[in-house]
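Novice: The structure that follows is given in the form of structure tokens.
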Amino acid sequence: MENEGLPQKLVLEELDSRLRNDFTYGSGRIIGSMCTCPHPLARKAYALFIDRNLGDSGLFPAVAKLEKETVRMLGTLLSNPKASGHIVTGGTEANTLALWAARKLSKKKNCEVIVPASAHCSFDKAADQLGLKIVKVGLNTRFQVDVEAVRKRVNSNTVAIVGIAGTTGLGIVDQISELSEIAAENSLYLHVDAAFGGFILPFLREMGWKVPDFDFSSPGVCSVTIDPHKMGLAPIPAGGILFRNEKLRKTVAWNVSYLAGGETEQATLAGTRSGASVIAVWSLLKHLGKEGYKRIVARCMRLTWKLAEEVREIKGLDIVTEPTLNIVGIKSEGFDVRQLAKELRVRNWAVSLFPSHIRIVVMPHIQKQHVERFLSDLKDIANKLGG
Ligand SMILES: Cc1ncc(COP(=O)(O)O)c(C=O)c1O
């Protein structure tokens, strides 16, 4: 730290020069991330109200009201206008809150949670903090969790089951209604991680696609994660945790008495938390509306199919499975995908590497010309690697 501070102009100049060479969304080079360029309105709303703290909601009751409205809008998208919850820091916090609620509701001692092998690592993190045992269950040929295997793994220590609506690696949607039946038969908590799919599946359904039940429409679903900072176009941080009802949300609520705004209730992991995030999400839902999100989702899906189709044509490469969401998994029988990822990174493509495939996420910042440039490099590298 400097003894005498630097002038603002100098600090800004240094930031500009030091950050200039990082990846940008606008370049189209970030082609393996679930994040995107925030919508201009969300940036504006966020900047205008950056000082709002929802940890001390007594000071900002109007923001707290906007959060309730936001949760109601998201709940309505997920077939439950009565859902209760919060805008949190992301999918990790949302999934942690869900497992915390499940553990608190249960009277069991050695709690176990059944999760798909395809689950995001946030469940491992949460389990480590909460002292839960994670039981991972394998996938069927469609990369969904094997429902019969889930049924078999339920035992007297099981407290919760997790299903995923939009897996991290391939964007697959688990059979939530079947998991809901297992949860109901065994009086278990069912959490759905729709961190990624939550801002896509409702709009595909609205556009007349055959979308399987993935949300509160299945009666056993107790909570859903839905992240505005992924396909919702909101600035980071903005995750969402929705509980089926207020009673479930209250499971993780604490009263905090010392605050300037008076005694308040906090039901998030963070104490002090961004009101600006809530304001940004509220603004986007109001501004884009269903039609706006439908247009964004439709465009991403069209580009996804183009990419998938053309990857199939490249000698030595194939797609892992037909895309369900705007994610394409690229695999190869002939050569190591780690080598392929390395070569793509040398050419400045920020792709995401999984054990046996490369993940491409066609987010809203990806344009047709980016996909074409990517395909041309991919073809070139595959030719080289294929010898
Ligand atoms: C399905 C799923 N759940 C949860 C998360 C964690 O979200 P975050 O990184 O916002 O904590 C991710 C991240 O990509 C994800 O894909």
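Novice: State yes or no: is Val159 farther than 30 Å from Met231 by Cα, without any contact (Cβ under 8 Å) to a residue 60 or more places away in the chain and either more than 16 Å from the ligand (Cβ to nearest atom) or not aromatic (Phe, Trp, Tyr) (or both)?
Specialist: Yes.
Novice: List the number of the failed condition for Ser352; all other conditions in (1) under 22 Å from Leu204 (Cβ atoms); (2) touching a Lys or Arg at 6+ places or on another chain (Cβ under 6 Å) hold.
Specialist: Looking at each condition in turn, Ser352 falls short on (1).
Novice: What's the number of the condition Ala64 fails, among (1) closer than 17 Å to His229 by Cα; (2) more than 16 Å from the ligand (Cβ to nearest atom)?
Specialist: (1)
Novice: Would you mind finding the one in Ala308, Ala350 that is in contact with a Pro (Cβ under 8 Å, 6 or more places away or on another chain) and modelled with pLDDT of 95 or more?
Specialist: Working: Ala350 fails: in contact with a Pro (Cβ under 8 Å, 6 or more places away or on another chain).
Exactly one of Ala308, Ala350 is in contact with a Pro (Cβ under 8 Å, 6 or more places away or on another chain) and modelled with pLDDT of 95 or more, namely Ala308.
Conditions (1) among the small types (Gly, Ala, Ser); (2) out of contact with any strand residue (DSSP E or B) (no Cβ under 7 Å at 6 or more places or on another chain), marked per residue:
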{"residue": "Trp209", "(1), (2)": "no, yes"}
{"residue": "Ser218", "(1), (2)": "yes, yes"}
{"residue": "Cys222", "(1), (2)": "no, no"}
{"residue": "Gly232", "(1), (2)": "yes, yes"}
{"residue": "Leu242", "(1), (2)": "no, no"}
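Novice: For Ser33, state whether it is within 16 Å of the ligand (Cβ to nearest atom), surrounded by fewer than 19 Cβ atoms within 10 Å (Cβ to Cβ) and within 22 Å of the chain's Cα centre (by Cα).
Specialist: Spelling it out, Ser33 is indeed within 16 Å of the ligand (Cβ to nearest atom), surrounded by fewer than 19 Cβ atoms within 10 Å (Cβ to Cβ) and within 22 Å of the chain's Cα centre (by Cα).
Novice: Further, regarding this structure: If a residue must be within 22 Å of Gln129 (Cβ to Cβ), more than 16 Å from the ligand (Cβ to nearest atom) and among the polar types (S, T, N, Q), how many such residues does the stretch 263-276 contain?
Specialist: Residues that pass the stated criteria total 2.
Novice: Okay, next question. Which one of these does Tyr293 not meet: (1) open to solvent by less than 60 Å² (accessible area, probe 1.4 Å); (2) over 30 Å from Gly55 (Cβ atoms); (3) among the aromatic types (Phe, Trp, Tyr)?
Specialist: Only one criterion is unmet by Tyr293, namely (2).
Novice: Scan (1) small (Gly, Ala, Ser); (2) closer than 23 Å to Gly239 by Cβ; (3) away from the ligand (no atom under 14 Å from the Cβ) for the single condition Ala194 breaks and write down its number.
Specialist: (3) is the only condition that Ala194 fails.
Novice: Now, a different point. How many residues does the stretch 318-335 hold that are touching a residue at least 40 places away in the same chain (Cβ under 8 Å) and open to solvent by 10 Å² or more (accessible area, probe 1.4 Å)?
Specialist: Initial filter on the stretch 318-335 (touching a residue at least 40 places away in the same chain (Cβ under 8 Å)): 320-321, 323-327, 329-330, 332, 334-335.
Pick out the ones that are also open to solvent by 10 Å² or more (accessible area, probe 1.4 Å) and you get 320-321, 323-324, 332, 334-335.
Residues that pass the stated criteria total 7.
Novice: Any idea how many residues of the stretch 212-259 are over 27 Å from Leu188 (Cα atoms) and open to solvent by less than 60 Å² (accessible area, probe 1.4 Å)?
Specialist: Here the count works out to 12.
Novice: Next up: State which residue pairs qualify: first residue within 11 Å of Ile366 (Cβ to Cβ) and inside the stretch 20-35, second residue among the charged types (D, E, K, R) and open to solvent by 30 Å² or more (accessible area, probe 1.4 Å) in any location, beta carbons under 9 Å apart, and separation of 6 or more residues or different chains.
Specialist: Here the result reads Gly28/Arg373, each pair linking the stretch 20-35 to a residue that is among the charged types (D, E, K, R) and open to solvent by 30 Å² or more (accessible area, probe 1.4 Å).
Novice: Going by the structure shown, is Leu233 on the phi > 0 side of the Ramachandran plot and not small (Gly, Ala, Ser)?
Specialist: Values: on the phi > 0 side of the Ramachandran plot: yes; not small (Gly, Ala, Ser): yes.
When the stated conditions are applied, Leu233 passes them.
Novice: Ok, one more. Of the residues that make up the stretch 313-324, is at least one among the hydrophobic types (A, V, I, L, M, F, W, C), out of contact with any helix residue (DSSP H, G or I) (no Cβ under 8 Å at 6 or more places or on another chain) and either at pLDDT 95 or above or over 18 Å from Ile30 (Cα atoms) (or both)?
Specialist: Yes, some residue in the stretch 313-324 is among the hydrophobic types (A, V, I, L, M, F, W, C), out of contact with any helix residue (DSSP H, G or I) (no Cβ under 8 Å at 6 or more places or on another chain) and either at pLDDT 95 or above or over 18 Å from Ile30 (Cα atoms) (or both).
Novice: Looking for whichever is in contact with a helix residue (DSSP H, G or I) (Cβ under 6 Å, 6 or more places away or on another chain) and open to solvent by less than 30 Å² (accessible area, probe 1.4 Å) here; the options are Gly166, Gly197. Which one fits? Before you say what the answer is, go through the steps one by one.
Specialist: Working: Gly197 fails: in contact with a helix residue (DSSP H, G or I) (Cβ under 6 Å, 6 or more places away or on another chain).
Going through Gly166, Gly197 in turn, the sole match is Gly166.
Novice: Within the stretch 327-371, which residues are among the basic types (Lys, Arg) and in contact with a strand residue (DSSP E or B) (Cβ under 8 Å, 6 or more places away or on another chain)?
Specialist: Result: Lys331, Arg338, Arg359.
Novice: Turning to a different aspect of this structure: Are there any strands (runs of 3 or more DSSP E) wholly within the stretch 202-262 with 2 or more residues that are touching a Lys or Arg at 6+ places or on another chain (Cβ under 9 Å) and within 16 Å of the ligand (Cβ to nearest atom), and if so which?
Specialist: Qualifying strands (runs of 3 or more DSSP E): 221-225, 239-243.
The values are calculated or read from the model by the stated rules, or taken from the named source; none is laboratory data. Note that the structure is a prediction, hence the values are computed from the model and not measured. Virtual Cβ from ideal backbone geometry, glycine too; neighbours counted across all protein chains shown. Quick note on the areas: whole protein, heavy atoms, side chains included, nothing else; ligands and nucleic acids left out. Shrake-Rupley method; radii C 1.70, N 1.55, O 1.52, S 1.80 Å.
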